[in-house]
Amino acid sequence: MNIVLLGAPGAGKGTQAALLVEEFGTPHISTGDILRAAVKEQSELGLKAKGYMDAGNLVPDELIIDLMRERFQQPDTAKGVILDGFPRTTTQAVALDTMMAELERPLDAALLIDVEPEVIINRLCSRRMCKECGYIGTAADASCPKCGGEMYQRDDDNEATVRNRLDVYATSTSPLIDYYRGCNKLVVVDGDRDPKEVYVDVKAGLGL
Ligand code: AMP
């Protein structure tokens, strides 16, 4: 399966991706996770990306497209990919189509996890992640329920940055909904429910 997960920040893309990985073992590629690791390592990419990320703005298309072109060279991607947070602009979507065509691996679907912005603001401001395994939880999790690791709040999960991220999503990323509808690849699920219920619809929508 080669799929794109679409949806506003906090819609549940990472959570649904984790469930798909657990059941199907398909590699999960999150550009946000790759960029956060690069920032932590203070690599050249991380140094370039940090300012954009801290402000909740998009990292320039060229950097992201180069990053993904490299990632697609790794052999694990041959068995399929779950793309989370990429593409985020029409330029990135067109570049992805070109990459997939070159690799002769057509995209099966773009799955939109649909959640209203007001729900997102509350969700993101109370979101916490595990430092060890990346588990996505809430402020109610004193430690990671999966591995016992320490939970932390992402630098960009504060209200001002979240509001900017939602604006950026509305302006730059939401046009991809029509882009994928036009290619007959769009599948929509209601994301404002318990993640396990959403997952039932995700699998049905993807024909899994
Ligand atoms: P995420 O973890 O997907 O919410 O991404 C966190 C941040 O990383 C975003 O707010 C952007 O600054 C940056 N980012 C992640 N993916 C992309 C992308 N495809 N294009 C541009 N910036 C991105």
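What is the sum of charges around LEU67, taking Lys and Arg as +1, Asp and Glu as -1, for the other residues whose C-beta is under 13 Å from the C-beta of LEU67?
Details: positive: ARG36, LYS48, ARG69, ARG71, ARG88; negative: ASP33, GLU44, ASP61, GLU62, ASP66, GLU70.
So the environment of LEU67 carries a net charge of -1.
By how many nm would the segment from ALA142 to GLU118 lengthen if fully extended, with 0.36 nm per residue of separation less the alpha-carbon distance? Numbers along the way, then the final one.
Values: separation 24, 0.36 × 24 = 8.64 nm, distance 2.51 nm.
That pair, ALA142 and GLU118, stretches by 6.1 nm at full extension.
Computed on region 97-186, with alpha-carbon pairs under 8 angstrom and 6+ residues apart, the relative contact order is 26 percent. Where both residues lie in region 1-157, what percent of DSSP beta bridges are antiparallel, nearest 5? The antiparallel proportion sits near 35 percent. The phi-based Karplus calculation (6.51 cos²θ - 1.76 cosθ + 1.60; θ = phi - 60°) puts the 3J(HN,Hα) values of region 162-168 at 4, 4, 5, 4, 5, 5, 4 Hz, whole numbers, x for Gly and Pro.
Taking the centroid of alpha carbons for each part, region 187-208 and region 75-112 are 20 Å apart. In the elastic network of the chain, a GNM with C-alpha springs shorter than 10 Å, the most mobile of THR98, THR173, THR15 is THR98. From the alpha carbon centroid of region 158-182 to that of region 34-59 is 19 Å. Here the accessible area is traced with a 1.4 Å probe on the protein chains. For region 53-208, carbon and sulfur cover 48 percent of it. Among the lysines of region 77-208, pairs at least eight places apart or on separate chains and with Cα atoms under 22 Å apart come to 5.
Can you give the calculated 222 nm mean residue ellipticity of the chain, where each DSSP H run of n ≥ 4 adds -39,500 (n - 2.57) and the sum is split over every residue, rounded to the nearest 500 deg cm²/dmol?
Using -39500 (n - 2.57) per qualifying helix, the result is -14000 deg cm²/dmol.
The alpha carbons of region 1-156 stretch over 46, 35, 31 Å along the principal axes, in descending order.
Rounded, prolate or oblate for region 71-208? Axes are the square roots of the Cα gyration tensor eigenvalues, ordered a ≥ b ≥ c, and the cut-off for rounded is a/c under 1.5. Cα axes put region 71-208 in the prolate bin.
Using the heavy atoms of the protein chains and a 1.4 angstrom probe, tell me the accessible area per residue for the chain in square angstrom. Working shown, then result.
Numbers: 10400 Å² over 208 residues.
With all protein chains present, the chain gives 50 Å² per residue.
Per-residue 3J(HN,Hα) values for region 141-147, derived from phi via the Karplus relation 6.51 cos²θ - 1.76 cosθ + 1.60 with θ = phi - 60°, read 8, 5, 9, 5, x, 8, 10 Hz in sequence order (x marks Gly and Pro).
The values are calculated or read from the model by the stated rules, or taken from the named source; none is laboratory data. In this text, all values refer to a predicted model and were calculated from it rather than measured experimentally. Quick reminder, even Gly has a Cβ in these numbers, built from the backbone with ideal geometry, and neighbours come from all protein chains shown. The area values use the complete protein model at the heavy-atom level, side chains included, leaving out ligands, DNA and RNA. Shrake-Rupley method; radii C 1.70, N 1.55, O 1.52, S 1.80 Å.
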